[in-house]
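Undergrad: Take a look at this one; I'll ask things after.
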Amino acid sequence: MTTHAPLTHPTAARSQTGHGRTAHALTDSWTMTRRELSRWRRQPVAVVVGLVFPVMLLLMFGYLVGGGRGVSGDYLGYLVPGMLALTMAFGLEGTMVAVTQDLDKGVVDRFRSMPMANGAVLVGRSAADMLQSALGLAVLLAVAAALGWRADGGPAGFLGAVGLLLLFRFAMLWIGIHLALVAGKPELVQAVQILVWPVGFLSNAFAAPESMPDWLGTVVQWNPMSQTATAVRDLFGSPGGEPGHVWAAVAWPLALLAVFFPLAVRRFARLSR
Amino acid sequence: MADAVITVEDARKTYGATRGGRGGKHALDGLDLTVGRGTVHAVLGPNGAGKTTLVRILATLLRPDAGRVEVAGHDVVREAYAVRLRIGLLGQHAALDEQLGGRQNLELFGRLYHLGARRARTRADELLARFGLADTGRKAVGQYSGGMRRRLDLAASLITEPEVLFLDEPTTGLDPRGRAEVWDSVRSLVGGGTTVLLTTQYLEEADQLADRISVVDAGRVIADGTADELKAATGGDRIDVVLRDAGQLGAAVALLPVPKDEITVDTDRRLLSAPVADRMTALAGVVRALEEAGIRAEDIALRRPTLDEAFLRLTGPDDDRAEELVGRTRGGGSA
């Protein structure tokens, strides 16, 4: 049998081995992350709009709508951690949109037909979204600082708070990937996007649960986002912070990840069904 | 076949079946296919015939429920990775990142094929030049025309010069110019040793591009052969004559040297259509006959049979000619 000599990559032989596969998984994930970064470079306006939106919400609730109900003390101090948590929750939308676009355009199909590490599609997505969220946190913190907000929890508390926020975002990310894989089409994403809003606002981001009717206060307190916001307030030394919530702010995202990470991975693998 | 690059034996795929395997839609219902090395093979059929399912299975995107499917000597389920090293895929929709530029897209895919940064870059440039996209390499793909997008998509599927290339309805949704561009590109691949399997709804496209054609319907191959064999089986070319006066249709039918039951007449459009054996002889003959009989024609045209006509022929209950001529016909049976 004459063999047609394709332009085989030098790594073709190596890639059959376990070692080569691991190396591929890393380089492919990095390539996929870089792809997102290139998209940012080509669409700076979209990136800026994404970063400015939470800032607008912060200004609107901080100055336009004015003081939150049931919040004693400095409202900006209460609001900033809430906005940080809300921004992380809203990140879910961006993740969903990006994943469904790739599915709809058949880009995911091309990736899956290529000799690349398939998981890199999801890993690259996560890495890029986490980078974007970290950037979003930095911008929001910088604006808050410019408005006179200060974190009083010391460097360890500050880093711990940022860590909790990113952990919460990571959980939202995998929920987003899973929902996108379930929905499949961009049209269905809109429905989920609308649902993100009440979930985001049924939290203690803007107002203290104590000020709400009992049943609502209970819902709000159980909202994982509220746990993160309360723990972050605690670590920042902000009003509304209560000690002892850090464990919940770690446990909730981990529990969500324990459910949605395997679901998303399984769903992705099942695209071949 | 001595040197088969694609072998499909009794492939079955059902969507949405219950756990017991009942219900659901049979996308592939025992499909067999063999494609020889270095050939262009067209899979021709209407929407819902199972063409896309077949391509997705061949390209390792979908697992068959049953049957043996091998591409380039490797099983698509057990050795998916080995298959992926040797194939290129052009899906039904341009699988590109519309926010990135053309060159960026090709570089991205090149890196994911592990060409290395420099090789990915030079390969992107080579392909952009080859597909006439060098000038627009920086532009975002979202601003490309349909034809340009398709060419870039094709370029992306050729990054590693695959042994086997799958094209799923490569020209659906393109204007005639875009279609011509894609046809030219596909033709330029032939001779490079690449085996091409393409699906299409257009008999003309299969005729233009393919060495062999498999006609699929309801998830199985109902006929296959060369374009000439199939055309003979499906009645070959047709001649359409539009008369000035519908009243003369009857007289015109009588003039044509074809059995009367093979001529279709459309009184509203003053049109009659008949199969012809030899295009030019038939055309000259019809023109002369009409002239001598004093029948005025408004339009006379030779054309390929439409897929509908071919299908009626191939699936028609009383037509055994298709079986006879094509030889490998599998129990067709129209639904």
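Undergrad: Per residue of A:115-121, what is the mean number of Cβ atoms on other protein chains within 10 angstrom of that residue's Cβ?
TA: Working: counts 13, 7, 1, 3, 0, 1, 1.
Counting other chains' Cβ atoms within 10 Å and averaging over A:115-121 gives 4.
Undergrad: Quick one, could you list the DSSP H helices from chain A stretching 27 Å or more along their long axis (Cα atoms) with average Kyte-Doolittle hydropathy of 1.6 or above? Intermediate results must be reported in sequence, preceding the final value.
TA: Working: long enough: A:18-42 (36 Å, -1.37); A:75-105 (45 Å, 0.76); A:120-146 (38 Å, 1.62); A:154-183 (43 Å, 1.83); A:246-269 (34 Å, 1.62).
Both cut-offs are met by A:120-146, A:154-183, A:246-269.
Undergrad: On full extension of the chain, what length is gained from B:K260 through B:K25, given 0.36 nm per residue of separation minus the C-alpha to C-alpha distance? Provide the component values of the computation, followed by the final result.
TA: Details: separation 235, 0.36 × 235 = 84.60 nm, distance 4.01 nm.
Taking 0.36 nm per residue and subtracting the Cα distance, the gain is 80.6 nm.
Undergrad: Just tell me, in residue order, which DSSP H segments of chain B are both 18 angstrom or longer along the helix axis (alpha-carbon based) and at least 0.0 in mean Kyte-Doolittle hydropathy. Please report the intermediate quantities before stating the final value.
TA: On the way: long enough: B:117-130 (20 Å, -1.10); B:176-189 (20 Å, -0.79); B:279-293 (21 Å, 0.53).
Membrane-span-like by this rule: B:279-293.
Undergrad: With springs connecting C-alpha atoms under 10 Å apart, model chain A as a Gaussian network and identify which of A:M56, A:M114, A:M212 has the largest mean-square fluctuation.
TA: A:M114
Undergrad: Dipole of chain A, Cα-centred, from +1 at each Lys and Arg C-beta and -1 at each Asp and Glu C-beta, to the nearest 20 debye?
TA: Working: 20 positive and 14 negative charges, 250 e Å.
Charge dipole of chain A: 1200 debye, to the nearest 20.
Undergrad: Pick out, from A:S126, A:T22, A:F236, the residue whose Cα sits farthest towards the positive end of the charge dipole of region A:22-272, with +1 on the Cβ of Lys and Arg and -1 on the Cβ of Asp and Glu.
TA: With unit charges placed on the Cβ atoms, the residue in question is A:T22.
Undergrad: Can you figure out the FRET efficiency of B:D278 with B:D135, using R₀ = 41 Å and their beta-carbon distance, to the nearest 0.05?
TA: Details: r = 45 Å, r/R0 = 1.11.
Efficiency, rounded to the nearest 0.05: 0.35.
Undergrad: Averaged over B:157-165, how many beta carbons belonging to a partner chain fall within 10 Å of each residue's beta carbon?
TA: On the way: counts 3, 1, 3, 7, 5, 3, 5, 2, 0.
That works out to 3 on average.
Undergrad: Separation between the A:V182 and B:R68 pseudo-spin-labels, each 7 Å from Cα along Cα→Cβ, expressed in nm?
TA: 4.1 nm
Undergrad: Then there's this: In terms of modelled amide H atoms, which long-range or inter-chain residues lie less than 5 Å from the amide H of B:R220?
TA: B:D29
Undergrad: A further question follows. Just order A:73-86, A:175-188 by mean Cβ neighbour count inside 10 Å, highest at the front, would you?
TA: Values: A:73-86: 24.1, A:175-188: 19.4.
The packing order, highest mean first, is A:73-86, A:175-188.
Undergrad: How far apart, in nm, are the 7 Å Cα→Cβ label points at B:D240 and A:V265?
TA: Computed distance between label sites B:D240 and A:V265 equals 5.8 nm.
Undergrad: Shielding of B:95-107 by partners, i.e. mean partner chain Cβ atoms within 10 Å per residue?
TA: Working: counts 9, 4, 10, 4, 9, 6, 2, 0, 0, 5, 3, 0, 4.
Rounded to a whole number, the mean comes out at 4.
Undergrad: Continuing with this model, one more query. Which distance in nm do the two modelled labels at A:V47 and B:E298 give, with both placed 7 Å along the Cα-to-Cβ direction?
TA: About 6.2 nm separates the two model spin labels.
Undergrad: Looking at the protein assembly as shown, what % of its DSSP beta bridges pair antiparallel, to the nearest 5?
TA: Values: 36 of 54 bridges.
Of those bridges, close to 65 percent are antiparallel.
Undergrad: Across every pair of different alpha-carbon atoms, what Kirkwood hydrodynamic radius in Å does chain A reach? Walk me through the intermediate numbers first.
TA: Values: mean 1/r = 0.0497 Å⁻¹.
Value: 20.1 Å, from the Cα pair sum.
Undergrad: Please compute one quarter of the surface area of the Cα convex hull for chain B and express it in square nanometres.
TA: Details: hull surface 81.3 nm².
Mean orientational projected area (chain B, Cα hull): 20.3 nm².
Undergrad: Share of antiparallel DSSP beta bridges in region B:162-250, in percent to the nearest 5?
TA: Among the beta bridges of region B:162-250, antiparallel pairing accounts for roughly 50 percent.
Undergrad: Related question: Taking amide H positions as placed in the peptide plane 1.01 Å from N, state which residues far from B:L165 in sequence (5 or more) or on other chains have amide H under 5 Å from it.
TA: B:G88, B:T195, B:V196, B:L197
Undergrad: With respect to the cross-link table entries B:K51/B:K231; B:K13/B:K139; A:K185/B:K51, which display a Cα-Cα separation exceeding 31 Å? Numbers along the way, then the final one.
TA: Details: B:K51/B:K231 20 Å; B:K13/B:K139 40 Å; A:K185/B:K51 22 Å.
Over 31 Å Cα-Cα: B:K13/B:K139.
Undergrad: Let me ask something else. Please work out the FRET efficiency for the pair A:L64 and B:D184, using the Cβ-Cβ distance as r and a Förster radius of 60 Å; give the result to the nearest 0.05.
TA: Details: r = 60 Å, r/R0 = 1.01.
Calculated transfer efficiency: 0.50.
Undergrad: Measuring from a point 7 Å past the Cα of A:L216 along Cα-to-C-beta, which residues in region A:70-95 have an amide N at less than 12 Å?
TA: Output list for this probe position: A:70.
Undergrad: Quick one: Cα convex hull volume of the protein assembly as shown, Å³ per residue? List each step's numbers first, then the result.
TA: On the way: hull volume 127.3 nm³, N = 608.
Per-residue hull volume (Cα only) is 209 Å³.
Taken together, the values in this text are just the output of simple stated rules run on the coordinates, not laboratory data. Remember, it's a predicted structure, so these values are computed and weren't measured experimentally. Here Cβ is always computed from backbone atoms with ideal geometry, including for glycine, and neighbour counts include all displayed protein chains.
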